[in-house]
Amino acid sequence: MRLVKAVLAASIGAAIALSSSVQAKQITIGFSQIGAESEWRTANTNDVKRAAKENGINLKFSDAQQKQENQIKAIRTFIAQKVDLIGFVPIVATGWDNILREAKRAKIPVLIMDRDLTVSDPSLYVAKIGTDMYTEGRKVFDWLDEYVTKNNIKPRNGGDKINIVILEGTVGASATTGRGNGFNDAMNDSDNKDKYKILASQTGDFTRQKGQEVMESFLKSNRNDIDVLFAMNDDMALGAIQAIEAAGLKPSKDIIIVSVDGVKGIFQAMMDGKANATVECNPLQGDLFFKTAQKILKGESVPKSVFVEEGVYTSDNAAEVFPTRQY
Ligand code: GYE
């Protein structure tokens, strides 16, 4: 009897020790998000928070309100708090070397999400998970060229060029340079490159409001010349649609509209016949992020760069795909 009790006590003790050691092992991750500038970003944030919970991570989440300096402050706080790993979305590509050196000195691994960054020493971060912005830009042009060719689209002003205006994203963000370079390269590689002209290109900062404002100014100077709008995200396209309608033109008909992201708002616009196509950029990166973080903390090696999968959707398949969209 005594023996049974002793064994029981020992095993209860072991169980308590085990559970406290499991508890002690809960991973704490500091994550600096850039803000809430778009529908895409909201979906991305929600997914990070959901995935942290489901993967049993203690998440310290910080919103930088679109300011790099706030991200740097947040990362410095995470270092002081001795978190196990730091994750962040670089709002712009450069300016991270110093803070990442501080993290390295504190031996805290850094995992990048969504946007890319440029650092002098690649060992300043372990890996990056996100989307291939350059390929997204190429897909935008390829879709456009196919659409123009198939539908035998002619310039509205009777001239010999299809005139394109571009609403760019945040200046210095990899999402902006990647999509811009991809689009331009695909255009220059195309046999049809002489058919097109970029009439104007300006930042709308990835927001609906600025997308609308900048489109208004494009229309003021070139109302009868614009044939195509390439918006580097759906939110700016949605803002621009309002400007186009206010100018008495028909979005998707007078002006072809193609954007990037694939949020519900643009699907609705495609179903309403106000937008033509969206190149998907997948914000659901939370699971991949935390699974990769766990591997890093176990000392396993991970690829330096992992891309999530993405498609292209048009007004022809929007209604069919809409019910399956998660964001
Ligand atoms: O396309 C845009 C967001 O970095 C991929 O940022 C992201 C971009 C996305 O605000 O809507």
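Residues in the stretch 204-211 carry Karplus couplings, in order, of x, 6, 6, 10, 5, 4, 6, x Hz; the curve used is 6.51 cos²θ - 1.76 cosθ + 1.60 with θ = phi - 60°, and Gly or Pro positions show x.
The angle between the Cα long axis of helix 286-297 and the longest principal axis of the Cα atoms of the chain comes to about 40 degrees, rounded to the nearest 10.
The angle separating the long axis of helix 2-24 from the principal Cα axis of greatest extent in the chain is about 30 degrees. Placing pseudo-labels 7 Å out from each Cα toward the beta carbon at Val302 and Gln268 gives an inter-label distance of 3.5 nm. Working from label points 7 Å from Cα in the Cα-to-Cβ sense, the Lys25 to Gln242 distance is 5.2 nm. With the simple model of a label 7 Å out from the Cα in the direction of the Cβ, Thr77 to Lys49 spans 1.6 nm. Listed by chain and number, the lysines whose alpha-carbon sits under 19 Å from that of Lys304, ignoring those within fewer than 8 places in the same chain, are Lys104, Lys107, Lys128, Lys291, Lys295. Straight-line reach from Lys60: taking Cα to Cα under 13 Å and skipping same-chain neighbours fewer than 8 places apart, the aspartates and glutamates in range are Asp84. Full extension of the chain between Lys197 and Lys107 yields a length gain of 27.4 nm, computed as 0.36 nm times the residue separation minus the alpha carbon distance.
Using r as the Cβ-Cβ distance of Lys291 and Asp316, and R0 as 30 Å, what FRET efficiency do you calculate, to the nearest 0.05? Computed FRET efficiency for Lys291 and Asp316: 0.30.
Cβ-Cβ distance of Arg223 and Asp189, R₀ of 22 Å, FRET efficiency by 1/(1 + (r/R0)^6): the value works out to about 0.10. If R0 is taken as 41 Å, the Cβ-Cβ distance between Thr149 and Glu309 corresponds to a FRET efficiency of 0.95.
Between 0 and 90 degrees, the angle of helix 234-246 with respect to the longest Cα principal axis of the chain falls at about 30 degrees.
Peptides 225-231, 131-137, 245-251, 58-64 ranked from most to least packed by the mean count of surrounding Cβ atoms within 10 Å: 225-231, 131-137, 58-64, 245-251.
What number, in percent, do you get for the relative contact order of the chain if the mean sequence gap of Cα pairs under 8 Å and at least 6 apart is divided by its residue count? Relative contact order here is 17 percent.
Any read-out appearing in this document is the output of simple, stated calculations on the displayed coordinates, not a laboratory observation. Model, not experiment: these values are computed from the prediction. Reconstructed Cβ throughout: ideal geometry from the backbone, glycine too, with neighbour counts over all protein chains shown.
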